[in-house]
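The numbers here are math on the coordinates, done by the rules we state, and not lab data. A quick note: this is a predicted structure, and the numbers were derived from the prediction, not measured. FYI the Cβ positions are ideal-geometry reconstructions off the backbone, even for glycines, and counts take in every protein chain you see.
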Amino acid sequence: MAELFDRTKIKGLELKNRLVRSATNEEMADRDGFPTERLFALYERLAKGGVGLIITGLAAVSVDGRASPRMNCIYSDDHIEKHRKLTDHVHSHGANIAMQIAHAGRQTTKRLIGEQPIAPSPVKDKANFTTPREMTEGDIERVIEDFAQGARRAKEAGYDAVQLHCAHGYLISQFLCPYTNRRRDRWGGSVENRMRFLAEICRRTRKLVGDAYPILVKMNAYDMMKGGLTLDEATVQARMMEEMGIDGIEVSCGIAEDGISSLRGDIPIKALIDDLGMFRKQPVMRFIMRRFGSKIIKTHPFYEEYNLNAARVIKSNLKIPVFAVGGNVDPVKMRGIVERGDADYVSLCRALIIEPNFPRQMEEGRTEPSRCIHCNLCLFYMQLGPLRCYRGKRIKRD
């Protein structure tokens, strides 16, 4: 019977346990995408905290693929040296690290990237009010190559694996999802056509990184959009990913536009209005949102292990490892996930923001759940500063 603190291998990558720090945007790079000392310190805390694998916050493979101002970037060979120092730092503390590589697609703004965002189809993003430009064949070819070169740079920088971000409404997810991909050419329509973009990225990436290097995927099992992705279709996509040589799949859900179902829990309306200036120039909307925002904005309540059923279904159809992410806060339940065979690895996000040493404590016998209260201020306050835990306490404004 598998156990949470087994040593395992994904290809040649040996992991000391089955706990994974799921990719979490930290906003700890500089304006050019180079990691800062803050990021070094964060990963050091995670490494010392005992997690088996750290997956970085998403790193942009293209200049126009950035989703936020201070995210990691890997679109230039100039990024390799600084990232190599970061991976050496993590390895010196006994942990392994993978880079999640991504392109924002329509989930960015012209103000940030300096041009109209691109996407498979010109479907307006109602979360950021952006209407993207439909990608041309030339755009598609360029970004496929950007992903492959990003993976090559990550390997050269010492990352133990790469994870392709195919979830949460970013560009690959936009191709996979019928709601955002309405193309009528070879890149849209059927499941096979919508998978073509990812298949080409995988094929070209494998040529550059070799057969022994782990290529992982984070995928959506479903979203909450009408005409969006369902678990049945995602299961078909997962089988296709295995056939194209993916070495492990992390099962998540949701896009920004569906009320951030990938996150769960409260959306801090008052913090958005008072601290982040939402509707600053629209006093009537500010009043309405202050009174009725929790009813107007679509939200999804938090509950433990909210993606576990989807992970279990997908795992039953695959031979490669499956990672379960979403609402994993209870050490006893996490052990049960692995022991029952519902998933091969358990991924943590918010629990490690508040307690980076949570894995080590579990190994030493801790049975109490994470102290995270799922206030989600950690996400929304990243517009004001780097990732940190607020535990329900609002920022004091002068």
| remark: Projected convex hull area of the chain, Cα atoms, direction-averaged, in nm², equals 18.4
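Tell me the volume per residue, in Å³, of the convex hull enclosing the alpha carbons of the range 265-392.
Details: hull volume 16.5 nm³, N = 128.
Spread over its residues, the Cα hull of the range 265-392 gives 129 Å³ apiece.
May I ask what percent, to the nearest 5, of DSSP beta bridges between residues of the range 6-117 are antiparallel? Please list the in-between numbers first.
On the way: 4 of 13 bridges.
Expressed as a percentage, antiparallel bridges in the range 6-117 total about 30.
Take peptides 266-276, 50-60 and line them up by average Cβ neighbours within 10 Å, highest first, as a rough protection proxy. Please list the in-between numbers first.
On the way: 266-276: 17.5, 50-60: 26.3.
Those peptides, ordered most packed to least, come out 50-60, 266-276.
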| remark: log10 I(q)/I(0) for the range 159-308, Debye formula on C-alpha points only (no solvent), q = 0.11, 0.15, 0.21 Å⁻¹, two decimals, reads -0.53, -0.83, -1.22
| request: Among R360, R66, rank each residue by its count of other Cβ atoms within 10 Å, from fewest to most, as a rough exposure measure. | output: R360, R66
| request: Provide the net charge surrounding N376, with neighbours chosen by a C-beta distance below 9 Å and charges set as Lys +1, Arg +1, Asp -1, Glu -1. | output: +1
| request: Give, as a single signed number, the net charge of other residues whose beta carbon lies under 9 Å from the beta carbon of T8, with Lys and Arg counted +1 and Asp and Glu -1. | output: +1
| task | Output the Cα-based Rg and Dmax of the range 98-185 in Å, rounding Rg to one decimal and Dmax to a whole number. | result | 13.5, 40
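Per-residue counts of other Cβ atoms within 10 Å, averaged by peptide: what ranking do you get for 183-196, 290-303, 91-104, highest first? Don't skip to the answer; put the middle values down first.
On the way: 183-196: 15.2, 290-303: 13.6, 91-104: 23.0.
So the order, starting with the most tightly packed, is 91-104, 183-196, 290-303.
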| remark: For I255, other-chain or 5+-apart residues with amide H closer than 5 Å (H placed, Pro excluded) are M224, I260, S261, S262
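For N357 and S76, FRET efficiency with R0 = 35 Å and r from the beta-carbon atoms, rounded to 0.05?
On the way: r = 34 Å, r/R0 = 0.99.
With R0 = 35 Å, the Cβ-Cβ based efficiency is 0.50.
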| said: Let me understand the range 289-358 better: what is its radius of gyration from the alpha carbons, and its Dmax, in angstrom? | reply: 15.3, 50
| note | Contact order relative to length for the chain, counting C-alpha pairs under 8 Å separated by 6 or more residues, stands in percent at 16
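What does the highest-first list of 337-349, 375-387, 200-212, 165-177 look like by mean Cβ count within 10 Å? Before the final figure, lay out the partial values.
Values: 337-349: 21.2, 375-387: 17.8, 200-212: 16.2, 165-177: 26.8.
So the peptides 337-349, 375-387, 200-212, 165-177, ranked by packing, come out 165-177, 337-349, 375-387, 200-212.
About the Cα centre of the chain, what is the dipole size in debye to 20, counting +1 per Lys and Arg Cβ and -1 per Asp and Glu Cβ, all else neutral? Walk me through the numbers before you get to the answer.
On the way: 63 positive and 51 negative charges, 267 e Å.
Around 1280 debye, computed over the chain.
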| remark: With a 18 Å threshold on alpha-carbon distance, the violating pairs from K218/K315; K124/K270; K16/K48 are K124/K270
| note | Partner lysines whose C-alpha sits under 16 Å from that of K9, ignoring same-chain residues fewer than 8 away, are K319
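Could you tally the net charge around G49, taking each other residue with its Cβ under 10 Å from the Cβ of G49, Lys/Arg +1 and Asp/Glu -1? Don't jump to the answer; show the numbers that get you there.
Numbers: positive: R21, R45, K48, R360; negative: E44, E355.
Residues near G49 contribute +2 overall.
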| In sequence order, calculated HN-Hα J values of the range 249-263 (Karplus, 6.51, -1.76, 1.60; Hz; x Gly/Pro) | 10, 9, 9, 10, 7, x, 9, 4, 6, 8, x, 6, 5, 5, 9
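Restricting to bridges with both residues inside the chain, how much of the DSSP beta-bridge set is antiparallel, in percent to the nearest 5?
Values: 6 of 41 bridges.
Expressed as a percentage, antiparallel bridges in the chain total about 15.
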| query | What FRET efficiency, computed as 1/(1 + (r/R0)^6) with R0 = 51 Å and r the Cβ-Cβ distance, is obtained for I288 and K333, rounded to the nearest 0.05? | reply | 0.80
| field | Computed helical MRE - 222 nm, the chain, DSSP H runs ≥ 4 contributing -39500 (n - 2.57), nearest 500 | value | -10500 deg cm²/dmol
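How would L19, L46, L112, L4 line up from fewest to most surrounding beta-carbon atoms within 10 angstrom? Walk me through the intermediate numbers first.
On the way: L19 26, L46 23, L112 15, L4 20.
Listed from fewest to most nearby Cβ atoms, that is L112, L4, L46, L19.
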